[in-house]
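Have a look at the structure below before the remarks.
Since every read-out is calculated from the coordinates, none of them should be taken as a lab result. What you see is a predicted model, and the numbers here were worked out from it, not measured in a lab. Cβ sites come from the backbone with ideal geometry, for glycine too, and all protein chains shown count toward neighbours.
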Amino acid sequence: MTQSTPPMLPAYPPRTSGMAIASMVLGITSIVALTCCCGTGFIPSVLAVVFGHVAMYQIRRSAGRLEGSSMAVAGLVCGYIGLVMNLAAIIVAVLCFALSAIAEHHHASVYRM
């Protein structure tokens, strides 16, 4: 009685998660957008965080068929940093605008008297 072994399937290397790549690119973009024009990196920050979490979930569930967890983590870190910094920049811009409007109103009322 001979026992035959099943044919070996070709082993494919794991592919990199597209979501992880997108998360990393968007996270970096959110920080670069902050340095260029404050507040414009808010949407890329949110997308980086969402794509990073989705990528981590997909990589964990792929049983080794997907890789790129380090890129997903980098996207998450940059996304969260960009999110906090962009929110702070938006808050500072709104406060500066409000203080400027108050000062202008005060300045105009002083000279009316």
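Of note:
- Cβ-to-Cβ counts within 10 Å put 51, 97 in ascending order as 97, 51, the fewest first.
- FRET efficiency for the residue 60 to residue 92 pair, using the beta carbon distance and R₀ = 41 Å, is estimated at 0.60.
- Largest-first ellipsoid semi-axes for the chain, taking √(5λ) over the Cα gyration tensor eigenvalues, angstrom: 54, 9, 7
- The modelled label-to-label distance between residue 84 and residue 100, using points 7 Å beyond Cα along the C-beta direction, is 2.8 nm.
- Distance in nm between pseudo-label sites at residue 11 and residue 70 (7 Å out along the Cβ direction from Cα): 2.0
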